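Peer 1: The structure's right below; bear with me while I get my questions together.
None of the figures in this text is laboratory data; all of them are computed from the coordinates on show. None of the values given here were measured: they were computed from a predicted structure. All Cβ positions, glycine included, derive from the backbone under ideal geometry; neighbour counts span all protein chains shown.
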Amino acid sequence: MRTIDAIYHLPAIADESHLRRTWKYPKKTITQKQQAWVHYMLAVWGRVNRGDDSPAGAINVIGRLMIRSHWSQDKSDHICKVVTMLHDEQGMRGEELYRKARDLVIPQSSLSNIIALAKESDDAAFVERVLSKTINRESPVRDVAIKQYCERKCPQDIARLISYRTGLNVQAARRRVVWCSKILDEEMFYALKREMENEISLIAA
């Protein structure tokens with residue numbers, strides 16, 4: 001993955017509104033549960049893009065199943081409950097965990113079950129496609145996404161990078177990282193939801 005330095009332009013951004021105006025990201029509303037849904041999906045994307053081939057854990061499997069299901073609060077809660085039970089109580093990991101959870105949460109007769117047969121790399125490619133269509137490649141929002149999910153850096157780590165390279169104090173840098181993360185969650189929730197609905201509609205046609 002190429003080196004992206006967009007975060008080092010963040011000191012020039014005065015506030016969250018300035019960031020939104022600059023990159024044309026209007027304010028959108030999502031719930032904490034919807035935000036968590038996005039985080040699970042981005043975790044799948046990040047795992048594949050950082051070349052992690054270790055057995056997939058619960059978070060990754062939850063993300064894959066959410067990519068392949070219609071969004072609803074009840075569905076999201078059900079997926080989390082089932083995967084956590086299989087992971088923690090039965091010790092399942094990797095593809096075994098994914099297949100068993102898939103069979104329990106997605107009815108075999110449903111259109112979603114057809115999509116759920118996709119491989120992990122396909123799921124990550126789906127998220128990448130939506131991300132590329134939604135978030136400008138030169139935007140600091142995408143750069144934060146890469147550092148957070150592919151490089152596994154926490155917001156404080158990213159803030160320290162910005163501070164080291166630009167001289168901006170860490171607290172101010174962290175605020176800018178949080179703005180980027182907030183925009184990422186909002187934009188990706190609606191974009192992923194829309195794209196998933198389109199995929200299922202195409203299969204049904």
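Peer 1: Going down the table (Lys147/Lys193; Lys24/Lys100; Lys75/Lys119), which pairs top 30 Å between alpha carbons?
Peer 2: Beyond 30 Å between Cα atoms: Lys24/Lys100.
Peer 1: Using θ = phi - 60° and the Karplus curve 6.51 cos²θ - 1.76 cosθ + 1.60, what whole-Hz ³J(HN,Hα) does each residue of segment 35-41 get, with Gly and Pro shown as x?
Peer 2: 4, 5, 4, 4, 4, 4, 5
Peer 1: Taking the 0 to 90 degree range and rounding to the nearest ten, how far is the long axis of helix 155-166 tilted relative to the main principal axis of the chain, both from C-alpha atoms?
Peer 2: Taking Cα atoms only, the helix is inclined about 30 degrees.
Peer 1: Can you sort Val141, Val48 so the residue with the fewest Cβ neighbours within 10 Å comes first?
Peer 2: By the 10 Å Cβ count, ascending: Val48, Val141.
Peer 1: A follow-up question, please. For the chain, find the longest principal axis of its Cα atoms and tell me its angle to the long axis of helix 73-88, 0 to 90°, nearest 10.
Peer 2: That works out to roughly 80 degrees.
Peer 1: Which value at 222 nm does the chain reach when only helices count, each DSSP H run of 4 or more adding -39,500 (n - 2.57), with the total divided by all residues and rounded to the nearest 500 deg cm²/dmol?
Peer 2: Estimated from H runs of four or more residues: -21500 deg cm²/dmol.
Peer 1: Could you put Asp103, Asp185, Asp123 in order, starting from the residue whose Cβ has the fewest other Cβ atoms within 10 Å?
Peer 2: Taking fewest neighbouring Cβ atoms as first place, the list is Asp103, Asp185, Asp123.
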